[in-house]
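**Student:** A single structure is presented below for examination.
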(Lines give C-alpha, C1' and ligand atoms only; values in the text may rest on other atoms or scores of the structure.)
Protein backbone atom coordinates (compact mmCIF):
# COMPACT_ATOMS: atom_id res chain seq x y z
CA UNK A 1 0.00 0.00 0.00
CA UNK A 2 1.38 3.40 -0.93
CA UNK A 3 2.13 5.87 1.92
CA UNK A 4 -0.58 8.24 0.62
CA UNK A 5 -3.21 5.49 0.46
CA UNK A 6 -2.20 4.32 3.96
CA UNK A 7 -2.63 7.88 5.29
CA UNK A 8 -6.05 8.26 3.64
CA UNK A 9 -7.11 4.89 5.08
CA UNK A 10 -5.85 5.91 8.53
CA UNK A 11 -7.76 9.19 8.39
CA UNK A 12 -10.94 7.41 7.29
CA UNK A 13 -10.64 5.13 10.34
CA UNK A 14 -10.41 8.07 12.76
CA UNK A 15 -12.84 10.34 14.56
CA UNK A 16 -11.81 13.98 15.13
CA UNK A 17 -12.15 15.56 18.57
CA UNK A 18 -11.18 19.16 19.31
CA UNK A 19 -9.40 19.69 22.60
CA UNK A 20 -7.66 22.51 24.38
CA UNK A 21 -4.20 21.05 24.92
CA UNK A 22 -3.13 23.21 27.83
CA UNK A 23 0.35 21.78 27.37
CA UNK A 24 1.03 24.69 25.04
CA UNK A 25 0.83 28.19 26.44
CA UNK A 26 -0.66 29.63 23.24
CA UNK A 27 -4.16 28.33 24.12
CA UNK A 28 -4.82 27.17 20.54
CA UNK A 29 -7.38 24.45 20.02
CA UNK A 30 -5.77 21.08 19.34
CA UNK A 31 -7.10 17.95 17.73
CA UNK A 32 -7.22 14.52 19.33
CA UNK A 33 -7.82 11.70 16.88
CA UNK A 34 -9.23 8.38 18.02
CA UNK A 35 -10.33 5.31 16.12
CA UNK A 36 -13.97 4.60 15.34
CA UNK A 37 -15.76 2.16 17.60
CA UNK A 38 -16.14 -0.55 14.94
CA UNK A 39 -12.37 -0.78 14.51
CA UNK A 40 -11.47 -0.18 18.15
CA UNK A 41 -9.11 -3.14 18.61
CA UNK A 42 -6.32 -4.63 16.55
CA UNK A 43 -7.03 -7.85 14.73
CA UNK A 44 -6.40 -10.79 17.07
CA UNK A 45 -4.04 -13.70 16.30
CA UNK A 46 -2.16 -11.56 13.78
CA UNK A 47 1.33 -10.08 14.12
CA UNK A 48 1.54 -6.26 14.17
CA UNK A 49 4.42 -3.80 14.02
CA UNK A 50 3.11 -1.49 16.73
CA UNK A 51 5.15 1.58 15.78
CA UNK A 52 3.62 1.39 12.28
CA UNK A 53 -0.08 1.01 13.22
CA UNK A 54 -0.35 4.71 13.98
CA UNK A 55 0.86 7.71 12.00
CA UNK A 56 1.71 11.28 12.89
CA UNK A 57 -0.95 13.83 11.93
CA UNK A 58 0.14 17.51 11.83
CA UNK A 59 -0.81 19.45 14.99
CA UNK A 60 -2.53 16.45 16.56
CA UNK A 61 -2.39 13.69 19.12
CA UNK A 62 -3.59 10.38 17.63
CA UNK A 63 -4.78 7.42 19.71
CA UNK A 64 -5.60 3.86 18.63
CA UNK A 65 -6.92 1.18 20.95
CA UNK A 66 -5.03 -2.11 20.87
CA UNK A 67 -7.13 -3.90 23.54
CA UNK A 68 -10.03 -2.59 25.63
CA UNK A 69 -11.36 -4.64 28.55
CA UNK A 70 -13.21 -3.86 31.77
CA UNK A 71 -9.97 -4.53 33.70
CA UNK A 72 -7.90 -2.11 31.65
CA UNK A 73 -6.80 -1.18 28.17
CA UNK A 74 -3.77 -0.77 25.94
CA UNK A 75 -3.50 2.10 23.46
CA UNK A 76 -0.83 3.41 21.14
CA UNK A 77 -0.53 7.17 20.67
CA UNK A 78 1.40 9.51 18.39
CA UNK A 79 2.19 13.12 19.24
CA UNK A 80 3.17 15.66 16.60
CA UNK A 81 5.85 18.24 17.42
CA UNK A 82 4.60 20.67 20.06
CA UNK A 83 1.74 18.43 21.23
CA UNK A 84 1.34 17.10 24.76
CA UNK A 85 -1.33 16.21 27.30
CA UNK A 86 -2.58 18.43 30.09
CA UNK A 87 -2.20 17.49 33.74
CA UNK A 88 -4.52 14.76 34.88
CA UNK A 89 -4.86 12.24 37.68
CA UNK A 90 -6.04 8.67 37.09
CA UNK A 91 -7.44 6.32 39.72
CA UNK A 92 -5.45 3.52 38.07
CA UNK A 93 -1.78 2.63 37.58
CA UNK A 94 -0.65 3.38 34.02
CA UNK A 95 2.45 2.10 32.22
CA UNK A 96 3.80 4.43 29.52
CA UNK A 97 6.42 3.07 27.08
CA UNK A 98 8.07 5.19 24.40
CA UNK A 99 8.30 3.29 21.10
CA UNK A 100 9.64 6.09 18.88
CA UNK A 101 11.33 9.39 19.68
CA UNK A 102 11.49 10.82 23.20
CA UNK A 103 9.04 12.35 25.67
CA UNK A 104 9.07 14.22 28.94
CA UNK A 105 6.58 12.75 31.40
CA UNK A 106 6.10 14.73 34.60
CA UNK A 107 4.78 12.80 37.62
CA UNK A 108 4.17 14.58 40.94
CA UNK A 109 6.20 17.56 39.63
CA UNK A 110 9.21 15.29 38.88
CA UNK A 111 10.35 15.34 35.25
CA UNK A 112 11.32 12.09 33.52
CA UNK A 113 12.85 12.17 30.02
CA UNK A 114 12.19 8.85 28.31
CA UNK A 115 13.63 7.69 24.99
CA UNK A 116 12.57 4.91 22.65
CA UNK A 117 12.50 1.59 24.52
CA UNK A 118 12.07 3.14 27.97
CA UNK A 119 8.92 2.99 30.07
CA UNK A 120 7.61 4.32 33.37
CA UNK A 121 4.78 3.42 35.73
CA UNK A 122 2.55 6.37 36.54
CA UNK A 123 1.07 5.56 39.95
CA UNK A 124 -2.65 5.79 40.57
CA UNK A 125 -3.74 9.21 41.90
CA UNK A 126 -0.43 10.89 40.94
CA UNK A 127 -0.84 14.14 38.99
CA UNK A 128 0.96 13.80 35.65
CA UNK A 129 1.29 15.36 32.22
CA UNK A 130 3.29 15.00 29.02
CA UNK A 131 5.29 18.02 27.90
CA UNK A 132 5.80 18.63 24.18
CA UNK A 133 9.28 17.50 23.17
CA UNK A 134 9.24 16.71 19.44
CA UNK A 135 7.35 13.93 17.67
CA UNK A 136 7.02 10.63 19.49
CA UNK A 137 4.91 7.51 19.83
CA UNK A 138 4.07 5.59 22.98
CA UNK A 139 2.05 2.70 24.31
CA UNK A 140 -0.17 3.32 27.35
CA UNK A 141 -1.32 0.37 29.44
CA UNK A 142 -3.93 1.06 32.12
CA UNK A 143 -4.55 -1.62 34.76
CA UNK A 144 -7.93 -1.32 36.49
CA UNK A 145 -8.07 -4.60 38.42
CA UNK A 146 -7.47 -4.34 42.14
CA UNK A 147 -9.18 -0.91 42.32
CA UNK A 148 -12.83 -2.01 42.25
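The values are calculated or read from the model by the stated rules, or taken from the named source; none is laboratory data. The shown structure was predicted, so the numbers you read here are calculated from the model rather than taken from an experiment. Cβ: placed from backbone, ideal geometry, glycine included. Neighbour counts: every protein chain shown.
**Student:** Within the stretch 49-58, is there a residue that is over 19 Å from residue 96 (Cα atoms) and surrounded by 18 or more Cβ atoms within 10 Å (Cβ to Cβ)? First the steps, then the outcome.
**Tutor:** Taking the stretch 49-58 as the starting set, the residues that turn out to be over 19 Å from residue 96 (Cα atoms) are 57-58.
Now drop any that are not surrounded by 18 or more Cβ atoms within 10 Å (Cβ to Cβ), which leaves 57.
Yes, the conditions are met somewhere in the stretch 49-58.
**Student:** Could you tell me which of the residues 122, 139, 74, 99 is surrounded by 14 or more Cβ atoms within 10 Å (Cβ to Cβ) and touching a helix residue (DSSP H, G or I) at 6+ places or on another chain (Cβ under 6 Å)?
**Tutor:** Working: 122 fails: touching a helix residue (DSSP H, G or I) at 6+ places or on another chain (Cβ under 6 Å); 139 fails: touching a helix residue (DSSP H, G or I) at 6+ places or on another chain (Cβ under 6 Å); 74 fails: touching a helix residue (DSSP H, G or I) at 6+ places or on another chain (Cβ under 6 Å).
99 is the lone residue from the list that is surrounded by 14 or more Cβ atoms within 10 Å (Cβ to Cβ) and touching a helix residue (DSSP H, G or I) at 6+ places or on another chain (Cβ under 6 Å).
**Student:** Could you please find all residues in the stretch 25-58 being at pLDDT below 50 and not in a strand (DSSP E or B)?
**Tutor:** Within the stretch 25-58, 25, 26, 27, 28, 36, 37, 38 qualify.
**Student:** Would the stretch 128-147 turn up any residue that is closer than 17 Å to residue 57 by Cβ and modelled with pLDDT under 95? Give the steps one after another, and end with the answer.
**Tutor:** Let us first name the residues in the stretch 128-147 that are closer than 17 Å to residue 57 by Cβ, namely 130, 132, 134-138.
This time we only want the ones that are modelled with pLDDT under 95, so: 132, 134.
Yes: one or more hits.
**Student:** Filter the stretch 84-102 for residues that are over 11 Å from the mean Cα position of the chain (by Cα) and in contact (Cβ under 8 Å) with a residue 60 or more places away in the chain; which is nearest to residue 53 (Cα to Cα)?
**Tutor:** 86
**Student:** If you don't mind, another one. Taking the stretch 138-148, which residues are over 10 Å from residue 93 (Cα atoms) and assigned to a strand (DSSP E or B)?
**Tutor:** Once the filter is applied, which keeps residues that are over 10 Å from residue 93 (Cα atoms) and assigned to a strand (DSSP E or B), the stretch 138-148 yields 138, 139, 140.
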